[in-house]
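Down below is the structure, laid out as structure tokens.
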């Protein structure tokens, strides 16, 4: 009874906070206050403003002046339009949010998958062999703190393909948490279980898949979850740099179009997608977690 | 030179190269079908001896020979029941036992292995709990799964490291009875560590008493002269019970330390074979020279 009670109260507070945020947004972007101050203060600059407005293709006698930051109504309109047709494709600079998101997810998925294929077996090796752990540790310690974007010029120069460079950057940022966690998980498998496997003369392959992998799975999944979080952070920045397609490019493109509503919409989409990705890994984590 | 099923000769173990050995000059033999308990204070190296027998640890010196072959590493010939049960929490009860069965007989089909595993799960009285995860079981049930797993590979010898140490008295009794039943049915050779004197008297044919470490050794072998048919409920009515019990407790309280203080080089450096259960005077206390294995009389004597 009590947990649901707390759940309802939390939901109510969340909704209240959300309503407050919307209200603040609405008040901050409301046209009234802005136009009044404009009328009162800046009469001298008015002709120049008019001329600028005309140059920009807008009428100088527009009845309401806004602060420039989009209001809730404009925001709603953009969201409605984008969500009504997320997969349209009108050439390289005008694609629907769904298509852009798809590009980003594909890059993250591919880079992440390659990283998993490399990091998990390598992590096994590090976890099982203290010698290799020591031998490779200096490389890992130096490579790990490098911002993945710092690799971008090198990737662009050697790979000569912006899209693959993006995938490479995702790979390089996802690989470390998975590698470290796999190595740690494998190294800290309980001695007892290994002794059981020893006394049963279990073959190395069976031991790896039936004892060590399930024992280390929760730790490995934690690493994958962290990696996915970082990859989703990095993909936006990477796509802003390389351009062409993807949600990061979409944000940058809309900024160049001065379409703030689209930028805000894209930010929301990035947030929701990131949350969903994290949820998937949380679910997977729950699946492999065992209680002793 | 001797016919014992398992022979241990001059085993010693030191953890630091220049330090004193934990135990020294440990020699004994175990016959096929014999149930042996080893009792001693903490730190005398009981678990190390068991690990050496299991092949999980290497001794600093000495040899272990089982069935005419030297024990060099872990083997399916020796099943181990761990103190902490060591069940894999991601497998079900059945999965844990099947894992062991399929390690022993890799070419068996899944259904054959499961059928075999079920037989041993039934034997320890866990029918109906096959699909449960270890975390859903009580301590006693977990330990029974550990025993089923060890028995299921039909080892030549069973090694148990304080298997009931973590159980409450009631559960312990139930699982002991279960173990006794299975052992007498299968004539399993068992080497078991325990701290519980009553448990040793109930289960063991012979009880090895270790002096305190460092430089611990097996000071006495107590032959359990009580009838094989003894049960937990009735054995304390047998006059032998208290004689054996007092002997064991006296050893743990007084003699285990005195023997260590006397030093391993003293003339007392012998393993005594005693039968305190027999009436006063009838107990021959014949000192025998090490390795004692040479002179072990049959437990039934």
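Tell me what chain B gives for mean residue ellipticity at 222 nm when only DSSP H runs of n ≥ 4 count, each as -39,500 (n - 2.57), the sum divided by the residue total, rounded to 500 deg cm²/dmol. It would help to have the intermediate numbers written out before the result.
On the way: 8 runs with 93 residues, N = 301.
Roughly -9500 deg cm²/dmol at 222 nm, from the helical runs in chain B.
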message: Give the separation of the Cα centroids, region B:12-57 to region A:232-292, in Å.
response: 60 Å
message: Can you give me the C-alpha center-to-center distance between region A:74-135 and region B:154-205, rounded to a whole angstrom?
response: 57 Å
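By how many nm would the segment from residue A:150 to residue A:10 grow when fully extended, if each residue of separation counts as 0.36 nm and the alpha-carbon distance is taken off? Display every interim value, and only then the final one.
Values: separation 140, 0.36 × 140 = 50.40 nm, distance 4.15 nm.
Result: 46.3 nm gained on full extension.
Going by how many other Cβ atoms sit within 10 Å of their own, how do B:241, A:250, B:99 line up, fewest first? Don't skip to the answer; put the middle values down first.
Numbers: B:241 19, A:250 28, B:99 23.
So the residues, fewest neighbours to most, are B:241, B:99, A:250.
Determine the equivalent ellipsoid of chain B by diagonalising the alpha-carbon gyration tensor, then write out the semi-axes as square roots of 5 times the eigenvalues, largest first, rounded to whole Å.
Values: eigenvalues 213, 101, 60 Å².
So the equivalent ellipsoid measures 33, 22, 17 Å along its semi-axes.
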message: Neighbour counts of other C-beta atoms within 10 Å: give me A:289, B:225 arranged from fewest to most.
response: A:289, B:225
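Sequence gap at least 6, Cα distance under 8 Å: using those rules, report the relative contact order of region B:134-234 to the nearest whole percent. Please report the intermediate quantities before stating the final value.
Values: 84 pairs, mean separation 22.5, N = 101.
Reported relative contact order: 22 percent.
So if we plug the beta-carbon distance of residue A:69 and residue B:138 into 1/(1 + (r/R0)^6) with R0 = 51 Å, what FRET efficiency do we get, rounded to 0.05?
Working: r = 64 Å, r/R0 = 1.25.
Step by step, r from the Cβ atoms, then E = 0.20.
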task: Using 0.36 nm per residue of separation minus the Cα-Cα distance, give me the extension gain between residue B:69 and residue B:41 in nm, one decimal.
output: 7.0 nm
query: What distance in nm separates the simple spin-label points at residue B:108 and residue A:287, each placed 7 Å from Cα in the Cβ direction?
result: 3.0 nm
task: Sketch the reach of a paramagnetic label on residue B:20 as a point 7 Å from Cα along Cα-to-Cβ, and name the residues of region B:247-263 whose backbone nitrogen lies under 15 Å away.
output: B:256-263
- prompt: What is the percent of Cα-Cα separations in the protein assembly as shown that go past 40 Å?
  reply: 51 percent
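With each run of n ≥ 4 DSSP H residues scored as -39500 (n - 2.57), what mean residue ellipticity at 222 nm is computed for chain A after dividing by its residue count and rounding to the nearest 500 deg cm²/dmol?
On the way: 12 runs with 219 residues, N = 292.
When only DSSP H runs of four or more count, the value is -25500 deg cm²/dmol.
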message: Per 0.36 nm of contour for each residue apart, how much would the distance between residue A:233 and residue A:30 grow if the chain were fully extended, relative to their Cα-Cα spacing?
response: 69.8 nm
message: For residue B:233, project a label point 7 Å along Cα to C-beta. Then give me every residue of region B:136-173 with its amide nitrogen under 20 Å of that point.
response: B:169-173
Approximate spin-label separation residue A:77-residue B:186, in nm, with each point projected 7 Å along Cα-to-Cβ: 8.1 nm
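Under the √(5λ) rule applied to the eigenvalues of the Cα gyration tensor, what semi-axes describe the equivalent ellipsoid of region A:126-213? Give them in Å, descending.
Values: eigenvalues 257, 40, 19 Å².
Over the Cα atoms of region A:126-213, the ellipsoid semi-axes are 36, 14, 10 Å.
Could you grab the Rg to Rh ratio for chain A? Cα atoms only, Kirkwood for Rh. Display every interim value, and only then the final one.
Details: Rg = 26.1 Å, Rh = 23.2 Å.
Answer for chain A: 1.12.
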statement: The distance between the Cα centres of region B:69-135 and region B:232-248, in whole Å, is 35 Å
field: Likely footprinting exposure, B:90, B:108, A:232, A:8, fewest C-beta neighbours within 10 Å first
entry: A:8, B:108, B:90, A:232
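Just so you know, all these numbers are worked out from the coordinates, no wet-lab data involved. Not measured: the values here are computed from a predicted model. For neighbour counting, all protein chains shown are included, and Cβ atoms are generated from backbone atoms with ideal geometry for every residue, glycine included.
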